[in-house]
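Encoded as structure tokens, the structure appears first; notes follow it.
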Amino acid sequence: MLKGTGVSEGIGIGRIFLVNDEPLEYTPKTVTDKDNEINRLKEAIDEFCRITERREENFRSTAGDEEAAIMMGHIGIAKDPFLMGEVEKLIGNGKCAEAAFESMCDMFIQIFSATGDDITKQRAEDVRDVKTGVLGILLGKNELRLSEVPEGTVICAREITPSMIAEMKKENIAGILTEAGSTTSHSAILARVLEIPAVMSVPGLMDSAKNGEGVILDGVKGNVILSPDETQLRCYTERREKLIIERRELEKYRGKITASADGTKYDLVCNIGKPEDAAKALEADGEGVGLFRTEFLFMDKTSVPSEEEQFREYKKAAMILKGRQLVIRTLDIGGDKNIPCLEMKKENNPFMGFRAIRYCLGNRELFKTQLRAILRASAFGNVSIMFPLITCVEEIREAKALVDEIKASLRAEDIEFDENIKTGIMAETSAAGVIADLLAKESDFFSIGTNDLTGYTMAADRGNSEVAYLYSPYQPSVLRMIRSIIQAGRKQGIPVGMCGEAASDPMMIPLLISFGLTEFSVSSPAVLRVRKYISSWTKERADEVTAKAMSFETEKDVREYLETVV
Ligand code: PEP
Ligand code: MG
């Protein structure tokens, strides 16, 4: 099995069409008849624009106006007077049309690619697409026949461009696989809009995949199975059917407010690991971000990201969210999360060791750098700070004192930040559950991390299969812990959310409604599903179910009862 990044959800099953990506090769010539060469280029550009207009119409009917605008943008690039003027100058100096056009396009691609922001990088992607299109016409090699592939085709390419997608007949495409590409590329966005399952950034794809070979791809997990066996085919076909029916049904909840059957509103936000995921959260109809796990920014780095680098990332997420909530969790490392660039010491019992807030308070410069980056980003959106693994009042007081210290230095330097930025905690340890009343007095909000809370309450490691039978949110102890955290927060008048996996569990939702949770923070693909679950409960019915569930003495009884009510 190959593994990439799932960028467009759904299961794709079909046969591979390998896109031939041989470079458009030519031997640059010196030209003497410059007018003729310029005419040749102009004709190629006109032809390119005609083809692109057709693609634009295709997008307008299959995807939407915004997507069609990408094609309009390509026409704009091809006809750009500055680009054309410079190309004509090069032809005037004797370069052939191919070489002149290619070198100017490459110059723009280089400039756009060098910037950090996604929008400009997308411009580079657009120029590359235009370059390939025009060069193909000039060289008479525009032979990509993506519009003619048969039904059930999985397009497999080193890189896929918006023009290639515009060329496809959606009904024939079972999926898209690429070796390059990212979640935020135009192509990934287009695949999502067109609801074509897609996995990108699959290392080794082009060396392993063969034309006509059977393939399965999972657009959420990023898995790619080449030449699947009968059992895999049967299992994935069933999953695909179920997903298609469910997705159709869930679309009814898009654009709706999140509310219970009797009208109580809830915040339904997303958990993200990278700034780009904020865009995915919005596409999934999430109402903001309830947990940005910042450790992912540190994980694959060879050195600790600087304040500037972090600031850019946090700002990017804040800008994408345009004033919607963005809760940034400070570095949560240790336990099962190792960060190579921090060279953390090996511990006998890492889950009980020097992790998360403990590590940050023990490494102040690192912590202060992150807090400064977050505070600076708070000037660009609705940002809050969340501290992980809080177990006692001193920890949150110390962390807040550092926030105050950094605020003072930013003020002195005349650097903008949100003076009223909120600071809250992850309630995810048994200690936090027991003293939730004390912690609530120090916090602007709580977010319950049931992934850790379940482990710490049950003293059962979430990764240890020997004790997996204990690791369950339906354990009476865990449920009581959740209830007391929510009640303590409510009593203090602060919002209480949940960002652990239990927030999207249909069996937990009546209990969470009954306990008084105000925010559900879930993975993006779960948004519409959770909105649907919430909408199916009245408070009265949720209270009844909760009273009964809380009366049981064993996990099994609770679980079996809840299974009967959803
Ligand atoms: C949790 O513990 O529930 C949580 C959301 O944090 P993480 O899974 O990142 O530890
Ligand atoms: Mg946690």
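The values are calculated or read from the model by the stated rules, or taken from the named source; none is laboratory data. In this text, all values refer to a predicted model and were calculated from it rather than measured experimentally. Note that each Cβ is placed from the backbone with ideal geometry, even for glycine, and that neighbours are counted across all protein chains shown. Side chains included, ligands, DNA and RNA excluded: accessible areas come from the protein's heavy atoms. Shrake-Rupley method; radii C 1.70, N 1.55, O 1.52, S 1.80 Å.
For the range 505-566 and the range 435-453, write down the distance between their C-alpha centroids in whole Å. So the separation of the two Cα centres works out to 20 Å.
For Lys29, the lysines whose Cα comes closer than 29 Å to its Cα, not counting residues fewer than 8 places off in the same chain, are Lys42, Lys79, Lys89, Lys95, Lys131, Lys141. A 1.4 Å probe over all protein chains sorts Lys322, Lys274, Lys29 by accessible area into Lys322, Lys29, Lys274, starting with the largest. The residues of the chain have, on average, 45 Å² of accessible surface per residue, using a 1.4 Å probe with all protein chains present.
Taking every alpha-carbon pair under 8 Å whose residues sit at least 6 apart, the chain reaches a relative contact order of 13 percent.
Can you give me the distance in nm between label points at Asn363 and Asp300, each placed 7 Å from the Cα along the Cα-to-Cβ direction? Here the answer is 2.0 nm between the modelled labels.
Of all DSSP bridge pairs formed entirely within the range 254-565, close to 5 percent run antiparallel. The listed residues Phe59, Phe296 rank as Phe296, Phe59 when sorted by accessible area, largest first, using a 1.4 Å probe. For the range 34-144, the carbon plus sulfur part of the accessible surface works out to 51%, probe radius 1.4 Å. Estimated at 0.36 nm per residue, the fully extended path between Met550 and Asp80 surpasses their Cα-Cα distance by 162.4 nm. Shown in residue order for the range 300-310 are the 3J(HN,Hα) couplings computed by the Karplus curve 6.51 cos²θ - 1.76 cosθ + 1.60 at θ = phi - 60°: 9, 8, 8, 9, 5, x, 6, 4, 4, 4, 5 Hz (x for Gly and Pro).
Rounded, prolate or oblate: which fits the range 333-440, taking a ≥ b ≥ c as square roots of the Cα gyration tensor eigenvalues, rounded meaning a/c under 1.5, else prolate when a/b beats b/c? Oblate, because a/c is 1.5 or more while a/b does not exceed b/c. In the structure displayed, which of Lys441/Lys532; Lys274/Lys337; Lys280/Lys322; Lys345/Lys400; Lys315/Lys345; Lys210/Lys301 lie more than 24 Å apart, Cα to Cα? In this structure, Lys441/Lys532; Lys345/Lys400; Lys315/Lys345; Lys210/Lys301 exceed 24 Å between Cα atoms. Close amide-amide hydrogen proximity is noted between Ser523 and Asn271, each under 5 Å apart and 5 or more residues distant or on a separate chain (H modeled in the peptide plane; Pro and chain starts excluded). At a Förster distance of 41 Å, what's the computed FRET efficiency of Arg234 paired with Arg54, Cβ-Cβ distance as r, to 0.05? The computed FRET efficiency comes out at 0.55. Placing +1 on each Lys and Arg Cβ and -1 on each Asp and Glu Cβ, with no other charges, gives the chain a dipole about its Cα centre of roughly 980 debye.
Phi angles across the range 455-468 convert, under the Karplus curve 6.51 cos²θ - 1.76 cosθ + 1.60 with θ = phi - 60°, into 3J(HN,Hα) values of x, 6, 5, 8, 6, 10, 5, 5, x, 9, 5, 5, 10, 4 Hz, Gly and Pro given as x. Dipole check for the range 34-138: with +1 at the C-beta of Lys and Arg, -1 at the C-beta of Asp and Glu, and the Cα centre as origin, the magnitude is about 280 Debye. The alpha carbon centroids of the range 341-379 and the range 38-86 are separated by 49 Å. With every protein chain in place and a 1.4 angstrom probe, the accessible-area ranking of Arg329, Arg247, largest first, reads Arg247, Arg329.
For the pair Ser409 and Ala180, the difference between a 0.36 nm per residue extended length and the Cα-Cα distance amounts to 78.2 nm. Near Ser187: Cβ cut-off under 9 Å, other residues only, Lys/Arg at +1 and Asp/Glu at -1. The net charge is -2. The overall shape of the range 34-138, judged from the alpha-carbon gyration tensor, is oblate: a/c is not under 1.5, and a/b is no greater than b/c. Rounded, prolate or oblate, given the Cα gyration tensor of the range 16-72, with a/c below 1.5 counting as rounded? It is oblate, given that a/c is not under 1.5 and a/b is not larger than b/c.
For the chain, the residue among Leu439, Met71, Ala191 whose Cα projects farthest onto the positive side of the dipole built from Cβ charges is Leu439.
Can you give me the relative contact order of the range 254-565 as a percent, contacts being Cα pairs under 8 Å and 6 or more apart? Taking the mean separation of contacting Cα pairs over the length of the range 254-565, I get 19 percent.
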